[in-house]
Amino acid sequence: MMPSRIALFISGRGSNMTAIAEHIRDGSLSAEIAFVAADREGAPGIETARTLGLPTVVCSYAELGRERAERALAAAVHEHLASWIVLAGFMRVLSASFVHEFAERIVNIHPSLLPAFPGSEAIRQAWDYGVKVTGVTVHLVDERVDHGPILAQAAVPIEENDTPARLEERIHCVEHDLYWRCLKDLLEGRFTKTGRRRMRREHP
Ligand code: GRF
């Protein structure tokens, strides 16, 4: 079977992108990175992507505005024949029309146990709230922020000697392990669908 082609959308340092790229390189995830896109010039992850030899696309929201930037992103997805869009720290809310165009084919990772603490600053909000367990969620993207069907979650307990920085670091470690495993299941067609529920089955 031909590996699925994925488009990675980033805004920041791209550590999740790098983790996914490493698992593709070592053969644990059968996929091809069609391209890496950023919403702004100077996203550090774009430099990393170039170093990794990945095709890159910058669709500057600041210069183009959301509508044109999204059209450029959609065009890149079609042009590079990507079947999946993998958001990895992409700090823009995708419009309903973009989401509908790629329905059930956009995945996101979020640093909390959704539906708790959606939006940016999730780690800080969980910390300030004083929860004893937080975590990571991988979900399909729908037209609402951090709301689509959940594919996978992993819990991260808050430890006695934690600091916000230490918690953040542990959450990122969990992200780097959860995302590629979940993508593997998704690309292999292992999820069944009942309403919002997505269940993983052993044999597709
Ligand atoms: C991660 O915490 C992810 O859950 C959130 O944005 C962050 C991206 O980090 N959506 P990185 O750019 O992959 O290092």
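The values are calculated or read from the model by the stated rules, or taken from the named source; none is laboratory data. The structure presented is a predicted model; accordingly, all values stated were derived computationally and were not measured. Cβ coordinates were reconstructed from backbone atoms using ideal geometry, including for glycine residues, and neighbour counts include every protein chain displayed.
Of these, 28, 11, which one is of a type in the set (Ser, Thr, Tyr), surrounded by fewer than 15 Cβ atoms within 10 Å (Cβ to Cβ) and at pLDDT 95 or above?
Step by step, each of 28, 11 is checked, and only 28 is of a type in the set (Ser, Thr, Tyr), surrounded by fewer than 15 Cβ atoms within 10 Å (Cβ to Cβ) and at pLDDT 95 or above.
Going by what's in this entry, would residue 167 be described as closer than 28 Å to residue 95 by Cβ and either outside any loop (DSSP other than H, G, I, E, B) or touching a helix residue (DSSP H, G or I) at 6+ places or on another chain (Cβ under 8 Å) (or both)?
Numbers: closer than 28 Å to residue 95 by Cβ: no; either outside any loop (DSSP other than H, G, I, E, B) or touching a helix residue (DSSP H, G or I) at 6+ places or on another chain (Cβ under 8 Å) (or both): yes.
When the stated conditions are applied, residue 167 does not pass them.
If a residue has to be more than 16 Å from the ligand (Cβ to nearest atom) and out of contact with any Cys (no Cβ under 9 Å at 6 or more places or on another chain) to count, how many in region 76-89 make the cut? Steps first, answer last, please.
Restricting attention to region 76-89, the residues satisfying the condition of being more than 16 Å from the ligand (Cβ to nearest atom) are 76-84.
From the residues that got through so far, the ones that are out of contact with any Cys (no Cβ under 9 Å at 6 or more places or on another chain) too are 77-84.
Qualifying residue count for the region: 8.
For region 80-108, give me the residue count where each residue is touching a Gly at 6+ places or on another chain (Cβ under 8 Å) and in contact (Cβ under 8 Å) with a residue 60 or more places away in the chain.
Selection size over region 80-108: 3.
For region 90-100, give me each residue that is within 13 Å of residue 7 (Cβ to Cβ) and more than 12 Å from the ligand (Cβ to nearest atom). Break it down stepwise before answering.
We begin by selecting, within region 90-100, every residue within 13 Å of residue 7 (Cβ to Cβ); these are 90, 94, 98.
Matches in region 90-100: 94, 98.
Can you find, within region 120-141, the residue that is surrounded by the most Cβ atoms within 10 Å (Cβ to Cβ) among those that are in a loop (DSSP other than H, G, I, E, B) and within 13 Å of the ligand (Cβ to nearest atom)? Spell out the reasoning first.
Residues of region 120-141 that are in a loop (DSSP other than H, G, I, E, B), as a first pass: 120-121, 130-132, 141.
Now narrow it down to the ones that are within 13 Å of the ligand (Cβ to nearest atom): 120-121, 141.
Working: 120: 13, 121: 12, 141: 24.
Filtering region 120-141 for residues that are in a loop (DSSP other than H, G, I, E, B) and within 13 Å of the ligand (Cβ to nearest atom), the one surrounded by the most Cβ atoms within 10 Å (Cβ to Cβ) comes out as 141.
Among the numbered criteria (1) under 22 Å from residue 165 (Cβ atoms); (2) away from the ligand (no atom under 16 Å from the Cβ); (3) not polar (S, T, N, Q), which single criterion is violated by residue 117?
(2)
Would you confirm, using the coordinates I've provided, whether residue 43 is within 11 Å of the ligand (Cβ to nearest atom) and more than 15 Å from the chain's Cα centre (by Cα)? So that I can check it myself, show each step before the final result.
Numbers: within 11 Å of the ligand (Cβ to nearest atom): yes; more than 15 Å from the chain's Cα centre (by Cα): yes.
Criteria met by residue 43.
Among the residues in region 171-187, are any part of a strand (DSSP E or B) and either out of contact with any Ser or Thr (no Cβ under 6 Å at 6 or more places or on another chain) or at pLDDT below 95 (or both)? Step through it out loud before you land on a result.
Let us first name the residues in region 171-187 that are part of a strand (DSSP E or B), namely none.
Within region 171-187 (the criterion being part of a strand (DSSP E or B) and either out of contact with any Ser or Thr (no Cβ under 6 Å at 6 or more places or on another chain) or at pLDDT below 95 (or both)), the answer is no, since none of the residues qualifies.
Among the candidates 1, 17, single out the residue that is within 20 Å of residue 183 (Cα to Cα) and at pLDDT below 95.
Values: 17 fails: at pLDDT below 95.
On inspection, the qualifying residue turns out to be 1.
Of 29, 73, 54, which residue is more than 12 Å from the ligand (Cβ to nearest atom), in contact (Cβ under 8 Å) with a residue 12 or more places away in the chain and in a helix (DSSP H, G or I)?
Numbers: 29 fails: in a helix (DSSP H, G or I); 54 fails: in a helix (DSSP H, G or I).
Testing whether each residue is more than 12 Å from the ligand (Cβ to nearest atom), in contact (Cβ under 8 Å) with a residue 12 or more places away in the chain and in a helix (DSSP H, G or I) leaves just 73.
If you check every pair at least six apart or on different chains, which have Cβ atoms under 7 Å apart with a residue in region 1-26 that is at positive phi first and a residue that is buried (at least 20 other Cβ atoms within 10 Å of the Cβ) second?
14/45; 14/49; 14/88; 14/89
Would you mind stating whether residue 104 is of a type in the set (D, E, K, R) and surrounded by 15 or more Cβ atoms within 10 Å (Cβ to Cβ)? Outline the logic, then answer.
Working: of a type in the set (D, E, K, R): yes; surrounded by 15 or more Cβ atoms within 10 Å (Cβ to Cβ): yes.
So residue 104 fits the description; yes.
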